[in-house]
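Dropping the structure in here first, questions after.
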Protein chains: 2
Amino acid sequence: MKNHFRIHYRLTPAGPQSVADLARSVAYEQSVEVPDDILTDELRVKSTGKPAYDDIRELGDGSYEMSIAYPVDNIGGEVTQFLNILYGNCSLFPGVKITDVEWNELPNKLFTGPRIGIRGIRKTLGVKRRALSCTALKPIGLNTKEIAYFCLQFASGGIDIIKDDHGMANQKSAPFEERVIHCMQSIERAADKTGKRTAYFPNITAGTEVMMKRLDHAVSHGAGGVLICPHLCGLESMHHIAEKNPGIPIMAHPAFSGGYVQSANHGMTPEFLYGILWRALGADLSVYPNVGGRFSFSAGTCKSINETCRDSTLPFKTSFPVPGGGVQRNTIPDLAESYGSDTVFLVGGSLYQHPKGPNFAAREITEALARH
Amino acid sequence: MKNHFRIHYRLTPAGPQSVADLARSVAYEQSVEVPDDILTDELRVKSTGKPAYDDIRELGDGSYEMSIAYPVDNIGGEVTQFLNILYGNCSLFPGVKITDVEWNELPNKLFTGPRIGIRGIRKTLGVKRRALSCTALKPIGLNTKEIAYFCLQFASGGIDIIKDDHGMANQKSAPFEERVIHCMQSIERAADKTGKRTAYFPNITAGTEVMMKRLDHAVSHGAGGVLICPHLCGLESMHHIAEKNPGIPIMAHPAFSGGYVQSANHGMTPEFLYGILWRALGADLSVYPNVGGRFSFSAGTCKSINETCRDSTLPFKTSFPVPGGGVQRNTIPDLAESYGSDTVFLVGGSLYQHPKGPNFAAREITEALARH
């Protein structure tokens, strides 16, 4: 449909409501938001969402797959209003789940996509084929020196990416600017020793203005990337950073995102949110809660997230899936086998628990990944 | 507990998990995020969340009420990190629902709260006791003149507050700056005629920088308030605007918030999100989907939202509850009776549907509210 873009849904009508009725409600709610009888014919053509009534597929569990086409003009060129059309008021309907967007039908310039992507990150890190390792600096409450110590141990052990725990903000125990300086010293010391330079991703999540300052500080001290929790600072803010940033990777973290992905019949599919929407908004790496850890995603969901992150048919660079959240160090060989090489494995607590210490733990993982 | 603040939960353990186990998982996930065995005694005291195991109340439906105390220092004085402690990673646990926060245990300066509040809005509008009326300018696709026409009709009819539809952003059909200028002309014309000045609330939702510019434009043209969708721009961005704003009311709109309030066992209670959290973050008026309209809240939920918005025991000014989303004009007398006078009734589509036109519809509502 000309000058329209499609959003794909899984709809689960309630009680006597037909799927066509629910689709029509969503289409109007997400566009004109008025009863049909007050629309002129012109507005009906120009402004409403148009459900594809002829292409509704019953899934057999009371839900249906279908799409609605929305006028591109309704977006007005702004990410916040795109998000509103995507899942604004209909987030308050039961039975509406977002599964996909036809990005090719949208103006090229609206979404930045990853600035660096999988290929760029591999190039910077000098890792051609194998899967990458990642760990987190924690817990909150350590002072800067203690954090920098762990950073040195992990970097010397060959970890590819070391990120701040997403709860490390600007607490007195280890203020942001000081933390970046000390951790970068650890990175340099390890690089001098091993010849390999680990990428450090400090957590810059904050209000937009502060986040821009933290980005500058991170870049000017040589950080290899930054960590952002887009649902804490706002999805638009991550996109803003991606647009403005001078070329370092953004790792997105799922804190505060669970409301959108926890329910069978509403929200968004995890593979859409973490693998597609985040990527459109500029994430080069997408952290998600892996199966079998502390969270509740299935193996199938994790596989789907991996696939959408790497889907080269979208008009964006690909992003690295980063399974984390209770990944055990001894599962890495099997995971590397099943998840494939375009994966970053985030192992946190399990490295700190190693009886032989963090440096040994890091070397173990580094060696395990080198063999795959 | 000294230097700690409490978050209240409704927890629903899954399968064999005990409520104490789930509470402990949440407390660690939302603080140190490492296994207990790697913590020093010092960090265990200083940094972990502490569940109130002695005060767990079984609710009889498999769920439990309880609270966890977190170190204030973990916040580091930032709203994004507060949100992370509130519902960051545990948003990805099933069975965790946020019900309240002990704001009195937090530093005074962390949350702005409403700048104006119910009393200030009444003073500005010159309405001492009765409930207020509100409508929305829509649908998307109208040009600026058409929008300004409806604004004039509603303002002349005595509506207290006229807001942009939350989907009105900066579309070509009616660009933001032009729209504000023309709508304010309508407001002035109506005021000249009737002697009463309606408050116009343009929708400033966008990225933070753009939103600040729109705020300035709105203020400099005499707008009576602004509309913000905090879940589209980020909750922190609304708080940022509240902190910086020169004294005009913020009306918060629930677009994109549904993920947090649609499920029985996870997310946040609607009365906490709309009546408490938004208020802490600076909302003077909280739009929520009323019972019986297009959305799914119960009468009890709506009553609870009304009560929390007006709860004078919190360390913030009170905020106006704004039930909307399919409120019919003829239900206003009954609603005014049951919801009480500290309410703003948002009637949208139903005013446009009136056979005698928008001005007549506005006058009907104005008269109905004057009688209560």
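Bear in mind these aren't lab numbers, they're just calculated from the coordinates by the rules spelled out. The structure displayed is predicted, hence computed values, not measured ones. Glycine gets a Cβ as well: all are built from the backbone with ideal geometry, and neighbour counts include every protein chain shown.
So how tilted is helix A:208-220 from the main axis of chain A? Cα-based, degrees 0 to 90, rounded to 10.
40 degrees
Another question, if that's okay. Which residue is it, in chain A, that holds its beta carbon closest to the axis of the A-onto-B rotation, and how many whole angstrom away?
Nearest residue, distance rounded to whole Å: A:Gly234, 1.
Sticking with this structure for a sec: Would you mind giving the average projected area, over all directions, of the Cα convex hull of segment A:4-105 in nm² with one decimal?
Convex hull of Cα atoms, orientation-averaged projection: 6.7 nm².
Pop out the ³J(HN,Hα) list for segment B:128-144 in order, Karplus 6.51 cos²θ - 1.76 cosθ + 1.60 with θ = phi - 60°, rounded to Hz; leave Gly and Pro as x.
6, 10, 6, 5, 9, 9, 8, 9, 10, 8, 6, x, 3, x, 5, 8, 4
Which entries in A:Lys109/B:Lys109; A:Lys128/A:Lys213; A:Lys317/B:Lys97; A:Lys213/B:Lys317; B:Lys123/B:Lys163 show an alpha-carbon gap greater than 30 Å?
From the list (A:Lys109/B:Lys109; A:Lys128/A:Lys213; A:Lys317/B:Lys97; A:Lys213/B:Lys317; B:Lys123/B:Lys163), the Cα-Cα distance tops 30 Å for A:Lys109/B:Lys109; A:Lys128/A:Lys213; A:Lys317/B:Lys97; A:Lys213/B:Lys317.
To one decimal in nm, how far is B:Asn3 from the same spot in the other copies, if labels go 7 Å from Cα toward Cβ? Please give the shortest first.
Copy-to-copy label distances at B:Asn3, shortest first: 6.2 nm.
HN-Hα J couplings of segment A:349-361 from phi, Karplus 6.51/-1.76/1.60, θ = phi - 60°, integer Hz, Gly and Pro as x?
x, 4, 6, 5, 7, 4, x, 8, x, x, 5, 4, 4
Which of B:Lys128, B:Lys317, B:Lys109 moves the most in a Gaussian network model of chain B with Cα springs under 10 Å?
B:Lys109
Once you keep just the Cα pairs under 8 angstrom separated by 6 or more residues, what percentage relative contact order results for chain B?
18 percent
Give me the angle, in degrees from 0 to 90, between the Cα long axis of helix A:176-194 and the longest principal axis of the Cα atoms of chain A, rounded to the nearest 10.
Roughly 60 degrees between the two axes.
To continue, here is another question. Shortest first, in nm, what separates the label point of A:Lys213 from those of the same position in the other copies (7 Å along Cα→Cβ)?
2.2
Still on this structure: For the protein assembly as shown, what D do you get in µm² per second when you plug the Kirkwood radius from alpha-carbon pairs into Stokes-Einstein at 37 °C and 0.692 mPa s?
Calculated translational D: 125 µm²/s.
Sticking with this structure for a sec: In segment B:207-269, if every C-alpha pair distance is counted and binned at 5 Å from zero, what percent goes to each bin?
4, 17, 26, 21, 13, 8, 6, 4, 1, 0
Please list log₁₀ I(q)/I(0) at q = 0.10, 0.13 Å⁻¹ for chain A, using the Debye equation with identical point scatterers on the alpha-carbon positions.
These q points yield log10 I(q)/I(0) values of -0.64, -0.99.
Between B:Lys356 and A:Ala191, how many nm apart are label points set 7 Å from Cα along the C-beta direction?
Output for this residue pair reads 7.6 nm.
Continuing with the same structure: In what order do B:Lys2, A:Lys50 fall by count of nearby beta-carbon atoms within 10 Å, going from fewest to most?
Ranking B:Lys2, A:Lys50 by Cβ neighbours within 10 Å, fewest first, gives B:Lys2, A:Lys50.
For every other residue with a beta carbon closer than 13 angstrom to the beta carbon of B:Ile332, add +1 if it is Lys or Arg and -1 if Asp or Glu, then tell me the sum.
-1
Let me ask you something else. Would you please calculate the Kirkwood hydrodynamic radius of segment A:70-193 over all C-alpha pairs and express it in Å, rounded to one decimal?
When all Cα pairs of segment A:70-193 are included, the Kirkwood radius is 18.3 Å.
What relative contact order, as a whole-number percentage, does segment B:159-278 give when Cα pairs under 8 Å and 6 or more residues apart are counted?
22 percent
If you fit an axis through the alpha-carbon atoms of helix A:19-29 and take the longest principal axis of the Cα set of chain A, what angle between them do you get, 0 to 90°, nearest 10?
Helix A:19-29 and the main axis of chain A meet at about 80 degrees.
Sticking with this one: Give me B:Asp37, B:Asp165 ranked fewest to most by other Cβ atoms within 10 Å of their Cβ, as a rough exposure proxy.
In increasing order of surrounding Cβ atoms, one gets B:Asp37, B:Asp165.
Still on this model: Exposure proxy check: B:Thr194, B:Thr301 ranked by fewest other beta carbons within 10 Å?
B:Thr194, B:Thr301
Distances in nm, one decimal, shortest first, from B:Asp192 to the same residue in every other copy, taking the label point 7 angstrom along Cα→Cβ.
Listed shortest first, these distances are 7.6 nm.
Moving to a separate point now. Quote to one decimal, in nm, the extra length available between B:Lys303 and B:Asp73 on full extension: 0.36 nm per residue of separation minus the C-alpha distance between them.
That pair, B:Lys303 and B:Asp73, stretches by 79.3 nm at full extension.
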